Amino acid sequence: MLTIKHLNFNYPKSRFVLKSINLDFTAGNIYGLFGKNGEGKSTLLKIMTGLLFPKNGNCLLEGNEMRKREVQSLHHIFLVPEDFELPAISIRSFEKVQSCFYPQFSKEQFYELIKEFQLSPTDVISKLSFGQKKKVLIAFGIATNTKLLLMDEPTNGLDIPSKSQFRKVMASIADENKCIVISTHQVRDLHSLINHVMILDNAQVAFDQPLDKVSDGLWFGKPSTNDSSEPIYSESSFGGKAILPRLDKNETEVDLELLFNGVLGAPDKINAILNQTQNDERV
Amino acid sequence: MKEFSLLRIGHFIRRDIALHKSTFVTGLLVGIVLIFLFSFFNMIWDKQLSQDEFFGTFGLIYIPMGVLFTFSIFKEFNDPKANQLYLSIPISIPERLASKWFTAAILYTLVYTILAIITGILALLFGVVVLTADFNISSLFSIEYWNVLKVYFLVQPFFLVGAISFRKNRIGKTLLFLGILALVFTLFNFLLFGIFNHNYGLFSGDAVISEAFDKTAADFSALGRWFYGLLLGPVMLIVAYFKMKEKEV
């Protein structure tokens, strides 16, 4: 669906934020885009929406260059930015003036989500809190039913019940025709929601694997004393949790936070094990 | 997929009006009050409101108000918090530009003209009753009206480019740029005049600059009108198109 090839980007008079990025986003997946602060997650999402232009390389949505911001490309993409300002009009007026640009927009879905987020169509957006404004935009983004939905730190500003509500809503909208990319540095917020992990580190893609491959190749938990294999990564602060090659162990749930820290600490080891597992499966 | 759809332009105009309704209404109300007051006070001395006087007042408010409205509808474009959503709306750049220009030039002119004429007539009636002024209705077919419109339609695209180009102090920077440009072109005209006419001794003796310019105006008026007309109107719209195309958040 969306392909990024050999992409480089830097802001004027500053170092490269993204270097030699190659990524492929396909329908039917929910991607978690992780990285430390300032690693270029938001920049990448803006490039994917055509809001920033790469210095080299391409960002293509179904073969169309995103930097051209053509109508046929923008019809299929919606970005929920991290920081935004919505107009000082009611939610209903916002829907009326904005929804007409999205051919697949569903009014019913929008107002259902607004209700679910405990908002009213008559609420004036400028009088809402930041978290509530975010809910309006998330609801709108979902209701556009674009093929590609990008969310930049969508859980920032949401309270704890709203975060689980968000996960529930996102899980309910996932389908095989839609591709969702959620960027965050709060990896826990996407627990049990995503099925593909991408991690940016040092301006490059440090990790790009589907979660089922991760759980096939890696084991997460507290290793026992009679474990033969050496931990790839371990953390004393989390009660001695570690990442081990799975080998013949039982499958464990992927600990996203541990995986993230592990990739930042030992990217080569983790990628080598996962690639080895994939090769073994092919053989 | 069509990159120029009148339907999308219509939707975008509707969006702009909905978003800037209060700015639009406030501006028009201020305009109406000012036109009423200026028109009424104008009748105190000579007991009449000539077309010249009315459209002088009209232009005095119509042009600055239109410029402010142009800046207002482009606010989203340079606002880092609003422009991500704004620029990702599925509408092409020619459609964006056409709708903005239509709103700030055509629609604004139509609404403002109708309201100004009605206000002018009310002021006139008030003047007739209170000041026993002469009653004569201003006509839209007068040359004064079309001259005011001509100035606005030439100047507005320049401010449109300013509204797109600058992030902060947009009006100040645009005015400064316009001032510098006017100065450069004055100098340019003066140099041209000197080059073409120095053999005729126009700079010697008592010949003054204003006289020289009068003569130049007579010789080059048609050429100059086209040059500046194109430069301030269509060329500025083309500049605006490329500025919008190159815009990043």
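Derivation of every value follows stated rules applied to the coordinates shown; laboratory data play no part. All values reported here derive from a predicted model rather than from experimental measurement. Don't worry about glycine lacking a Cβ; one is built from the backbone with ideal geometry, like all the others, and counts go over all protein chains shown.
Observations
- Amide H to amide H, with H built 1.01 Å from N, A:Leu218 comes under 5 Å of A:Arg246, counting only residues 5 or more places away or on other chains.
- Charge dipole of chain A (Cα centre as origin; +1 on each Lys and Arg Cβ, -1 on each Asp and Glu Cβ, all else neutral): 1000 debye, rounded to the nearest 20.
- For B:Gln156, net neighbour charge (Lys/Arg +1, Asp/Glu -1) across residues whose Cβ lies under 12 Å away: +2
- Dipole-positive endmost among B:Val33, B:Asn78, B:Gly59 within the stretch B:8-79 (Cβ charges, Cα centre): B:Asn78
- The protein assembly as shown: equivalent-ellipsoid semi-axes (sqrt of 5 x gyration tensor eigenvalues, Cα, Å): 61, 29, 17
- Here the residues A:Ile173, A:Ile243, B:Ile143, ranked from fewest to most Cβ neighbours within 10 Å of their Cβ, fall in the order B:Ile143, A:Ile173, A:Ile243.
- Counting Cβ atoms of other protein chains within 10 Å of each residue's Cβ and taking the mean over peptide A:96-109 gives 3.
- For the stretch A:206-282, size of Cβ-based charge dipole, Lys and Arg +1, Asp and Glu -1, in debye: 140
- For chain B, adding -39500 (n - 2.57) for each run of n ≥ 4 DSSP H residues and dividing by the number of residues yields -26000 deg cm²/dmol at 222 nm.
- Note on chain B: with a GNM built from Cα contacts shorter than 10 Å, the maximum mean-square fluctuation among B:Phe193, B:Phe40, B:Phe55 falls on B:Phe193.
- Karplus (6.51, -1.76, 1.60) ³J(HN,Hα), θ = phi - 60°, over the stretch B:178-190, in Hz, Gly and Pro reported as x: 4, x, 4, 5, 4, 5, 4, 6, 4, 4, 4, 4, 5
- Over the stretch B:1-104, equivalent-ellipsoid semi-axes from the Cα gyration tensor in Å: 37, 14, 10
- Karplus-derived 3J(HN,Hα) values for the stretch A:111-127, using 6.51 cos²θ - 1.76 cosθ + 1.60 with θ = phi - 60°, are 6, 5, 5, 4, 5, 4, 7, 6, 10, 10, x, 8, 4, 7, 4, 5, 8 Hz; glycine and proline are entered as x.
- Helical mean residue ellipticity (222 nm; -39500 (n - 2.57) per DSSP H run of 4+; nearest 500) of chain A: -10000 deg cm²/dmol
- Note on B:75-88: average number of Cβ atoms from other chains within 10 Å of each residue's Cβ is 5.
- Listed from fewest to most Cβ neighbours within 10 Å, the set B:Tyr228, A:Tyr111 follows the order B:Tyr228, A:Tyr111.
- The alpha carbon gyration tensor of the stretch A:206-282 gives principal lengths a ≥ b ≥ c with a/c of 1.5 or higher and a/b no greater than b/c, which makes the shape oblate.
- Between the alpha-carbon centres of the stretch B:113-167 and the stretch B:50-87 there is a gap of 15 Å.
- Anisotropy class of the stretch B:6-245 from Cα gyration tensor, a/c 1.5 cut: oblate
- Remark: the Cα gyration tensor places the stretch A:34-161 in the oblate category, a/c being 1.5 or greater and a/b not exceeding b/c.
- Among the listed pairs B:Lys2/B:Lys150; A:Lys115/A:Lys213; A:Lys5/A:Lys213; A:Lys68/B:Lys21, those with a Cα-Cα distance over 28 Å are B:Lys2/B:Lys150; A:Lys115/A:Lys213; A:Lys68/B:Lys21.
- The residues A:Phe78, B:Phe126, A:Phe260, when put in order of fewest to most other Cβ atoms within 10 Å, stand as B:Phe126, A:Phe260, A:Phe78.
- Rounded to the nearest 20 debye, the dipole size of the protein assembly as shown about its Cα centre is 420 debye, using +1 on the Cβ of Lys and Arg and -1 on the Cβ of Asp and Glu.
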